Amino acid sequence: MKIVSVCACTSGIAHTYIAKEKLIRAAESMGHTIKVETQGTIGTEDELTAEEIKEADVVILAVDIAITGTERFEGKPQLRFLQMFV
């Protein structure tokens, strides 16, 4: 399965990157591929490309705040989690 994800928290520092690492480890341990974009105080990092989104089977949003660019995921199955539970 191909997964794309966005992680973002209120401060955009620790929890964003903790969630990113946990999602990557979990996906890879199950044999899936994943690309994770982060949005935070320093801006967007590892921005998802249109091709990556197109090829994805599912979108995981691990966010505690409003994020930009959600229109990119229209038509894709989406899971939304609060980061504190990831």
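The values are calculated or read from the model by the stated rules, or taken from the named source; none is laboratory data. Quantities reported herein were computed from a predicted structural model and do not represent experimental measurements. Here Cβ is always computed from backbone atoms with ideal geometry, including for glycine, and neighbour counts include all displayed protein chains. Remember, those area values only see protein heavy atoms, side chains included, never the ligands or the DNA or RNA. Shrake-Rupley method; radii C 1.70, N 1.55, O 1.52, S 1.80 Å.
Quick notes on this one:
- Subset of the range 7-44 (residues that are part of a helix (DSSP H, G or I) and open to solvent by 80 Å² or more (accessible area, probe 1.4 Å)): HIS15, ILE18, GLU21, LYS22, ARG25, GLU28, SER29
- Filtered by the rule that a residue be open to solvent by 70 Å² or more (accessible area, probe 1.4 Å) and either under 11 Å from the mean Cα position of the chain (by Cα) or at pLDDT 95 or above (or both), the range 45-67 gives ASP46, GLU47, ALA50, GLU51, LYS54, GLU55, ASP57.
- Criterion (among the charged types (D, E, K, R), under 12 Å from the mean Cα position of the chain (by Cα) and either more than 17 Å from ALA14 (Cα to Cα) or surrounded by fewer than 17 Cβ atoms within 10 Å (Cβ to Cβ) (or both)) met by exactly one of ARG72, ARG80: ARG80
- Selection count, the range 1-43, where residues are of a type in the set (Val, Ile, Thr) and modelled with pLDDT of 95 or more: 8
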